[in-house]
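Down below is the structure, laid out as structure tokens.
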Amino acid sequence: MNLKTVMALCLTGLLTACGPSEPAPSSEPAEAAAPEPSTSMETEPMTQDTDPLTGTSWQVEDIAGGGVIDRSPATVVFPEPGRVAGNSSCNRYMGGYEREGDALTFGNLAGTMMACPEALMDQERRFYEAMDRVTGWRIDASTGLLHLVDGSGETVIRASEKAPEENPG
């Protein structure tokens with residue numbers, strides 16, 4: 001849940017606790033009553049139905065044309081709408097993303113800070129640099145590979161989808 005959702009739920013609970021204990025009588029039957037208007041100023045939130053990335057996990061195969069270390073743990077996981085997480089090669093990370101059509105940008109990513117072998121640390125640095133450059137995405141229909149692309153349309157991260165049993169629960 002994002003911070004806005006948590007705050008909205010707290011405000012709703014507070015208003016409910018301060019309001020009347022019984023609903024006001026309605027002149028219309030309950031099944032014909034209009035739905036409550038939304039108190040949110042946001043547009044309709046992304047759901048798994050509206051965001052094809054939600055619920056997918058990807059194993060990174062290439063970073064900016066430089067490949068990756070064999071059996072590297074670098075992953076990109078979209079566990080819920082607007083959230084990204086995974087392994088950056090050495091450390092775990094998480095953060096947010098915004099997607100509209102084929103446009104995609106990642107917000108600030110927070111991660112653990114463990115030390116690893118120099119090669120993995122270098123790959124992790126390249127991974128974060130590539131994630132900062134992402135402005136779009138596509139899934140290649142013939143290969144099923146996810147391409148995270150920069151402003152010129154060049155692939156900066158290429159990844160293959162992990163099988164559902166490999167996805168974190």
Which whole-Hz couplings ³J(HN,Hα) result when phi for each residue of segment 109-120 is put into the Karplus expression 6.51 cos²θ - 1.76 cosθ + 1.60, θ = phi - 60°, listed in order with x for Gly and Pro?
-> 9, 9, x, 6, 10, 7, 8, 9, x, 3, 4, 5
Gyration tensor (Cα only) of segment 91-169 to equivalent ellipsoid, semi-axes in Å sorted down, yields 22, 17, 14
Calculate, in nm to one decimal, what residue 132 and residue 115 gain on full extension: separation in residues at 0.36 nm each, minus their alpha carbon distance.
-> 4.0 nm
Dipole-positive endmost among 116, 146, 69 within segment 43-163 (Cβ charges, Cα centre) = 116
Table column - 3J(HN,Hα) (Hz), segment 135-142, Karplus curve with 6.51, -1.76, 1.60, x for Gly and Pro | 10, x, 8, 7, 10, 5, 4, 7
By the Cα gyration tensor axes a ≥ b ≥ c (a/c under 1.5 gives rounded; else a/b larger than b/c gives prolate, otherwise oblate), the shape of segment 97-139 is prolate
Most packed first (mean Cβ within 10 Å per residue), the peptides 114-126, 56-68, 83-95 order as 83-95, 56-68, 114-126
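Just so you know, all these numbers are worked out from the coordinates, no wet-lab data involved. In this text, all values refer to a predicted model and were calculated from it rather than measured experimentally. So basically every Cβ, Gly included, is an ideal-geometry build from the backbone, and we count neighbours across all protein chains shown.
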